[in-house]
Amino acid sequence: MSKLRQYLDKVRPHFEEGGKLHAFHSVFDGFDTFLYTPRTTSGAGEVHIHDSIDSKRTMIIVVLALMPCFFFGMYNTGYQHWLACGESIFPFWQLLFYGFLTILPRVVVTYLVGLGIEFVVAQWRKEEIQEGFLVTGILIPMICPVETPLWMLAVATAFSVIFVKEVFGGTGYNIFNVALVARAFLFFAYPAHMSGDKVFVATGSMFGFGPVAPDSFSCATPLGQIATTTGNSLQLTGIDGSILSSWDAFLGLIPGSFGETSVICILIGAAVLLFSGIGSWRIMLSAVAGALLMGWIANSCATATYPASYLSPLDQLLYGGFAFAVVFMATDPVTASRTNAGKLVYGFLIGVVAVLIRTYNNGYPEGAMLAVLIMNAFAPLIDYCVVQRNISRRLKRATAKN
């Protein structure tokens, strides 16, 4: 047994009922169960289904699935910054380190605020600390622009954890995806910091490392450029003026939110979620089908009034945060539909609504966030309809036999 394990067992009585540190039992228990597997089991006469997957392991696997997007986001942050500075040489490790220094304070702030609130609420309710924020804490900075001020991330995180999660009862009871609500809060409360030509590229020197970008560059995201295009010419350009292609969007070397740009990294994460049985292939597949269908309809009826309608159905999947939202947000088991048929309907409507919003609302070129949140609200209704339909079919069969 490790010395840390021995020490935790030694001080445990102080945190139990009657101990001098009993008020911090939830904090101690959360720290202990994070480091080691809980040793408590079901008692005699209790009936439970035992499985190797618990909430802690689920959250850790999701975090691991996010790592390809996270590390690529570090590199792309440095890459876009070097482009903005007019550099022609892109040293890999320097770009990666610059991205690390850029995202680290944002991850630290979201975890400190979110976990701090959850610790306080757990102490107040005398409940165990849940592991749900392990994923939410890293998702929030990944779906926001890298130039989002730290205090805004703190406010959005606090708002989302308190009003979207804790007031509903904590992990497993929230109706909406917590990370997406944090981003929606930022978008509607501070729109100038969530869209525009420069918020998606880090401009400063992080802790004295890296060059400082000039004030004259422009780095609108591809969807942002499309929304302001006149006519049917969709010639997308990068910060250095180079022409962007669908291949660039697939790789992810384009301006965008920190973790959402690389479709290939998102696919790696999707493979991890599907192989582990955590992600739902029904939601992912049906969302892609819905987006392709709506993209084909919009492209068939393309008009200069709505420039995004000229995007091909495939490009609708590659640009913006659609792929990331479908893999990591729409498949959230708490806020998504639970029935198999409901998952197909739920995912399909997310794809349709996402393309519908981004195509026919020039003021809001990214529709994935709102699409997932809207369908979060309808997920219980979809499941209700599926269950009622099954009940009706069984009643008809039972009546026919009688």
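The values are calculated or read from the model by the stated rules, or taken from the named source; none is laboratory data. Treat the numbers as computed from the prediction; the structure is a model and nothing was measured. All Cβ positions, even for glycine, are placed from backbone atoms using ideal geometry, and neighbour counts span all protein chains on display. Quick note on the areas: whole protein, heavy atoms, side chains included, nothing else; ligands and nucleic acids left out. Shrake-Rupley method; radii C 1.70, N 1.55, O 1.52, S 1.80 Å.
Residues in the range 237-260: is at least one in a helix (DSSP H, G or I), open to solvent by 20 Å² or more (accessible area, probe 1.4 Å), aliphatic (A, V, I, L, M) and free of Cβ contacts under 8 Å to residues at least 24 places away in the same chain? Among the residues of the range 237-260, at least one is in a helix (DSSP H, G or I), open to solvent by 20 Å² or more (accessible area, probe 1.4 Å), aliphatic (A, V, I, L, M) and free of Cβ contacts under 8 Å to residues at least 24 places away in the same chain, which makes the answer yes. The set of residues in the range 188-211 that are open to solvent by 60 Å² or more (accessible area, probe 1.4 Å) and either of a type in the set (A, V, I, L, M) or modelled with pLDDT under 75 (or both) comprises Ala192, Asp197, Lys198, Phe207, Gly208. The set of residues in the range 318-348 that are under 9 Å from Ile283 (Cβ atoms), open to solvent by 10 Å² or more (accessible area, probe 1.4 Å) and not in a helix (DSSP H, G or I) contains only Thr331. Taking the criterion of being in contact with a Phe, Trp or Tyr (Cβ under 6 Å, 6 or more places away or on another chain), touching a residue at least 40 places away in the same chain (Cβ under 8 Å) and not aliphatic (A, V, I, L, M), the residues of the range 142-174 that qualify are Pro145, Asn174.
Closer than 26 Å to Ala341 by Cβ and either modelled with pLDDT under 95 or aliphatic (A, V, I, L, M) (or both): is that true of Gly279 in this structure?
Working: closer than 26 Å to Ala341 by Cβ: yes; either modelled with pLDDT under 95 or aliphatic (A, V, I, L, M) (or both): yes.
Taking the combined requirement at face value, the residue satisfies it.
Anything in the range 335-392 that is of a type in the set (D, E, K, R), at pLDDT below 95 and over 30 Å from Tyr310 (Cα atoms)? List them, or say none.
Pass one, the range 335-392, residues of a type in the set (D, E, K, R): 338, 343, 358, 366, 383, 389.
So of that shortlist, the ones also at pLDDT below 95 come out as 338, 358, 366, 389.
Once the filter is applied, which keeps residues that are of a type in the set (D, E, K, R), at pLDDT below 95 and over 30 Å from Tyr310 (Cα atoms), the range 335-392 yields Arg338, Arg389.
In the range 346-369 there is no residue that is in contact with an Asp or Glu (Cβ under 7 Å, 6 or more places away or on another chain) and more than 29 Å from Gly137 (Cβ to Cβ).
Annotation: Ala227 fulfils all but one of (1) surrounded by 20 or more Cβ atoms within 10 Å (Cβ to Cβ); (2) of a type outside the set (Val, Ile, Thr); (3) within 22 Å of Ala179 (Cα to Cα); the unmet one is (3).
Got a sec? Which helices (runs of 4 or more DSSP H) wholly within the range 89-165 have at least 1 residues that are surrounded by fewer than 22 Cβ atoms within 10 Å (Cβ to Cβ) and charged (D, E, K, R)? Show your work before the answer.
Details: elements: 92-125, 133-142, 150-160.
By residue number, 92-125.
Quick one: in the range 302-317, of everything that is in contact with a Phe, Trp or Tyr (Cβ under 8 Å, 6 or more places away or on another chain) and part of a loop (DSSP other than H, G, I, E, B), which residue is least open to solvent (accessible area, probe 1.4 Å)? Going through the qualifying residues, I end up with Leu311. Within the span defined as the range 291-301, one or more residues are more than 25 Å from the chain's Cα centre (by Cα), open to solvent by 30 Å² or more (accessible area, probe 1.4 Å) and touching a residue at least 12 places away in the same chain (Cβ under 8 Å). Any idea which residue in the range 375-402 is surrounded by the most Cβ atoms within 10 Å (Cβ to Cβ), counting only those that are small (Gly, Ala, Ser) and closer than 19 Å to Val352 by Cα? Filtering the range 375-402 for residues that are small (Gly, Ala, Ser) and closer than 19 Å to Val352 by Cα, the one surrounded by the most Cβ atoms within 10 Å (Cβ to Cβ) comes out as Ala379.
Any residue at all in the range 41-62 that is more than 22 Å from Phe328 (Cβ to Cβ), in a helix (DSSP H, G or I), within 25 Å of the chain's Cα centre (by Cα) and at pLDDT 60 or above? So that I can check it myself, show each step before the final result.
First pass over the range 41-62, keeping only residues more than 22 Å from Phe328 (Cβ to Cβ): 41-52.
Now drop any that are not in a helix (DSSP H, G or I), which leaves none.
Checked the range 41-62: no residue is more than 22 Å from Phe328 (Cβ to Cβ), in a helix (DSSP H, G or I), within 25 Å of the chain's Cα centre (by Cα) and at pLDDT 60 or above.
The one condition from (1) farther than 30 Å from Pro141 by Cβ; (2) in contact with a Ser or Thr (Cβ under 7 Å, 6 or more places away or on another chain); (3) not basic (Lys, Arg) that Thr305 does not meet is (2). Of the residues making up the range 86-111, just one is modelled with pLDDT under 90 and of a type in the set (D, E, K, R), namely Glu87.
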